[in-house]
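A.B. asks: A single structure is presented below for examination.
Quick note: the coordinates plus some simple rules give every number you see, no bench work behind them. On a predicted model such as this, the values are computed, not experimentally measured, just so you know. Cβ placement follows ideal geometry from the backbone for every residue including glycine, while neighbour counts extend to all protein chains displayed.
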Amino acid sequence: MAAHQRFPDGSLGARRAGAAPPAAPPATIPAPPGSRVVRLLVNATEHEVLVRPQEILLDVLREDLRLVGTRRGCDMGTCGCCTVEIDGRPALSCLTLAVEAAGRKIRTVEGLRDGGCLHPIQRCFETAGAAQCGFCTSGFLVTIASLLDRNPNPSEAEWREEISGNLCRCTGYVKILDAAQEAARMVRERRTESRRANAASGT
């Protein structure tokens, strides 16, 4: 006769008399000492992640959240490949502890898209041929997009200062700056069109 029992997953099953009981669920792996759960707001989505005190934001983004567009480069804060935006400003995720980013607004290269549309700087990088090997591209995109949000009409000196922390060994920066200038023009046009539409609708 079959005896019904509840298995560890909560389901009911039948076990014949004398049959071996089901295997016990695997033991829970203890959390590393000092680790704690933090809330990270990444690309407008909140995540709860268990992090160690010394864990850097770069590792959490890539390993826990699978946002691999943020690149690992030098691990010393000198190349800019790992740049993300935190509270509206570019930041090096290889030098930022994950616990320091808790509760702050984080934007990665995956968050530059507006719905199904690429950010102007993403489109302009493509049309200008500003990416070659592509390894540094995500850092440049985030850095430039962050500046355009704050200032849609930077001078060339402001551009050069803004991207001074991002290294590229392929392009010589000329096409990167060309793409940035064209993206700035597109952003200004969008804002002008938005203002005209708001004025026409009375909002």
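A.B. asks: Given a Förster distance of 45 angstrom, what is the FRET efficiency for S35 paired with A197, based on the Cβ-Cβ distance and rounded to 0.05?
C.D. replies: Taking R0 as 45 Å, the efficiency between S35 and A197 is 0.35.
A.B. asks: Pairs of Cα atoms under 8 Å, at least six residues apart: use those to get the relative contact order of region 112-192, whole percent.
C.D. replies: Numbers: 68 pairs, mean separation 37.2, N = 81.
Normalised by residue count, the contact order of region 112-192 is 46 percent.
A.B. asks: Another question, then. Work out how much length K105 to T78 would gain on full extension: take 0.36 nm times their residue separation and subtract the Cα-Cα distance, in nm to one decimal.
C.D. replies: Here the segment from K105 to T78 would lengthen by 7.4 nm.
A.B. asks: Follow-up. To the nearest 500 deg cm²/dmol, what mean residue ellipticity at 222 nm is calculated for the chain from DSSP H runs of n ≥ 4 alone, each contributing -39,500 (n - 2.57), summed and divided by the residues?
C.D. replies: Dividing the helical sum by the residues of the chain leaves -9500 deg cm²/dmol.
A.B. asks: Scan the chain and hand back the longest stretch that contains none of the trypsin sites (Lys or Arg not before Pro) lying in DSSP loops with at most 12 other Cβ atoms within 10 Å.
C.D. replies: Free of exposed loop sites, the longest segment is 1-65.
A.B. asks: What Rg and what Dmax come out for region 45-134 when only alpha-carbon atoms are used, in angstroms?
C.D. replies: When restricted to Cα atoms, region 45-134 yields Rg and Dmax of 13.8, 42 Å.
A.B. asks: Two-decimal Rg/Rh of region 94-134 from alpha-carbon positions, Kirkwood Rh?
C.D. replies: The Rg/Rh ratio comes out at 1.12.
A.B. asks: Now for a separate question. As a footprinting exposure proxy, order S35, S146, S164, S201 by other Cβ within 10 Å, with the fewest listed first.
C.D. replies: Taking fewest neighbouring Cβ atoms as first place, the list is S201, S164, S35, S146.
A.B. asks: Now for a separate question. Taking every eigenvalue of the Cα gyration tensor of the chain, multiplying by 5 and rooting it, what semi-axes result, largest first, whole Å? Display every interim value, and only then the final one.
C.D. replies: Details: eigenvalues 432, 98, 52 Å².
Over the Cα atoms of the chain, the ellipsoid semi-axes are 46, 22, 16 Å.
A.B. asks: Hey, another quick one. If I histogram all Cα-Cα distances within region 109-195 using bins 10 Å wide from 0, what percent of pairs lands in each bin?
C.D. replies: 18, 56, 24, 3
A.B. asks: Another question, then. Report the label-to-label distance for Q54 and L118 in nanometres (one decimal), using points 7 Å from each Cα along the Cα→Cβ vector.
C.D. replies: Rounded to a tenth, the inter-label distance reads 4.1 nm.
A.B. asks: May I ask you to derive the relative contact order of the chain, considering only C-alpha pairs under 8 Å and at least 6 residues apart, and to give it as an integer percent?
C.D. replies: RCO, the chain: 17 percent.
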